[in-house]
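What follows is a short report on a single structure.
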Amino acid sequence: SRNGLIEQLSSSAGDGYSVTDATVAVDSLNVDWDKQAARSAQQYLSISGFSCKGLIQQLSSSAGDKYTRSQASYGAKQAGACD
């Protein structure tokens, strides 16, 4: 996710860039975050069973993938977890 990538780049345990530099770098990328959320959702479903609500929570959790709620909902629906 956008937020996850910014956190990885700016984390002292990660690459150590400033949050500002990490944000500029991530925002300069041409990424379809909805599509990435759908890919993440498919990966989760391939290794474990999730309800629609549980998968959205995992994808949007600050301890999970950090997608926006909208991106997480899109991803879960595209992956077939939600009817």
**Prompt:** Looking at L59, L55, L29, which one is over 12 Å from A81 (Cα atoms) and in contact with a helix residue (DSSP H, G or I) (Cβ under 6 Å, 6 or more places away or on another chain)?
**Reply:** L59
**Request:** Might you let me know whether the range 13-22 holds any residue that is part of a loop (DSSP other than H, G, I, E, B), under 17 Å from the mean Cα position of the chain (by Cα) and over 19 Å from S62 (Cα atoms)?
**Result:** no
**Check on R39, of a type in the set (K, R) and in contact (Cβ under 8 Å) with a residue 24 or more places away in the chain** = yes
**Prompt:** Quick one: which of L45, L59 is of a type outside the set (G, A, S), in contact with a Ser or Thr (Cβ under 9 Å, 6 or more places away or on another chain), outside any loop (DSSP other than H, G, I, E, B) and without any contact (Cβ under 8 Å) to a residue 60 or more places away in the chain?
**Reply:** L59
**Prompt:** Can you tell me which residues in the range 57-83 are of a type outside the set (G, A, S), closer than 15 Å to Q36 by Cα and open to solvent by 20 Å² or more (accessible area, probe 1.4 Å)?
**Reply:** Q58, D65, K66, T68, R69, Q71, Y74, K77, Q78
**Request:** Determine, yes or no, whether G64 is assigned to a helix (DSSP H, G or I) and either in contact (Cβ under 8 Å) with a residue 12 or more places away in the chain or out of contact with any Pro (no Cβ under 9 Å at 6 or more places or on another chain) (or both).
**Result:** no
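The values are calculated or read from the model by the stated rules, or taken from the named source; none is laboratory data. These numbers were taken from a predicted model, which means no experiment stands behind them. All Cβ positions, glycine included, derive from the backbone under ideal geometry; neighbour counts span all protein chains shown. Heavy atoms of the whole protein, side chains included, go into the accessibility calculation; ligands, DNA and RNA do not. Shrake-Rupley method; radii C 1.70, N 1.55, O 1.52, S 1.80 Å.
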